[in-house]
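Read through the structure below, which is laid out as structure tokens, and then see the notes.
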């Protein structure tokens, strides 16, 4: 149904979740854009948002003003991303897919779409669950499948959040500041979004294929170079763990301001991304801290020394590296050795790469690097002292 096609007041009430009497009052007070009593999908969508904002304590006068300024002009989404109106029950999907109702509900919770009291799904929900059923029927372990779904959700939620926020910051906000009339703003935003949003799916598919090929290659190399005689622990992988952060960053932010600090962090993270060895991967960034993993402790250590040379002034990075077996879950790494690595970087000085003895053993014969033992160091939360070494570029 086109976004400007007329719908009944009852249908608008169903879509917005707002009583018809309240909708008529909001239309009369021009809180919701309804012309001559003509309700549309756009108007129902805006009423749904008005209801949410009312629950959060916003007055009708504030919402009326926001509507005039175009701050609620988002009804185009009803046309670009329409929701199917048909509904099916969990029991129907369970019979069709072979998935237990409890498992369906568990998957939906992970997806971020917990069921309401009606326990109803739309056809898109059902198709996604049919696909889940095919994957599990093919023999993919349930525990691994649920982890994979969580990774998809976390990644795509971040992508969608970035798309909406950047569209708001660089398209919607400038229109509001320029005083573009509400209807004209909605039309312009609809046209631009219609051109931009279709690009997301092919670009995402391209990147997925590109990285899938890369990590399949990495996995083959890892199997060939791993010690096949060593004990294998399900869910754990031998890996070089590395944390990098900026020393004194909190104080730097207080002195220089948030915007200057943000520029420094962006430059820092971009430099890490641009210089990483081919086999290394960024797991996550949290503020001024980056977590990296690699199968090769020697190449990662060599890279870390070169990275720090790029930052001669404050706030300078520092690096902590450890090689061990870590628990892999939901696209991230956990366990004692991850915690130990984090403690190691907290003991490093600005511009210093600090590594454990396991890493030191791997780089002893590496030309171009020098090791300086600093002794056994007590790390918070660990009962036994940990031997640590500073690594530097070898003197010419």
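The values are calculated or read from the model by the stated rules, or taken from the named source; none is laboratory data. Quantities reported herein were computed from a predicted structural model and do not represent experimental measurements. Positions of Cβ are backbone-derived with ideal geometry, glycine not excepted, and every protein chain shown enters the neighbour counts.
Observations, loosely collected:
- Residues of the range 277-298 satisfying the condition of being over 19 Å from residue 355 (Cα atoms) and surrounded by 19 or more Cβ atoms within 10 Å (Cβ to Cβ): 288
- Qualifying residue in the range 353-362 (condition: assigned to a helix (DSSP H, G or I) and within 24 Å of residue 269 (Cβ to Cβ)): yes
- Residues (at positive phi and in contact with a strand residue (DSSP E or B) (Cβ under 9 Å, 6 or more places away or on another chain)) located in the range 114-172: 119
- Odd one out for residue 341, checked against (1) outside any loop (DSSP other than H, G, I, E, B); (2) without any contact (Cβ under 8 Å) to a residue 12 or more places away in the chain: (2)
- Taking the listed residues 360, 384, 298, the one that is farther than 29 Å from residue 250 by Cα and in contact (Cβ under 8 Å) with a residue 60 or more places away in the chain is 298, with no other qualifying.
- Subset of the range 217-276 (residues that are surrounded by 12 or more Cβ atoms within 10 Å (Cβ to Cβ), in contact with a strand residue (DSSP E or B) (Cβ under 8 Å, 6 or more places away or on another chain) and at pLDDT below 85): 226, 235, 236, 237
- Subset of the range 373-383 (residues that are surrounded by fewer than 14 Cβ atoms within 10 Å (Cβ to Cβ) and either more than 36 Å from the chain's Cα centre (by Cα) or closer than 17 Å to residue 319 by Cα (or both)): 373, 374, 375, 376
- For the range 293-306, the set of residues classified as part of a helix (DSSP H, G or I) and in contact with a strand residue (DSSP E or B) (Cβ under 7 Å, 6 or more places away or on another chain) consists of 297, 300, 301, 302, 304, 305, listed by residue number.
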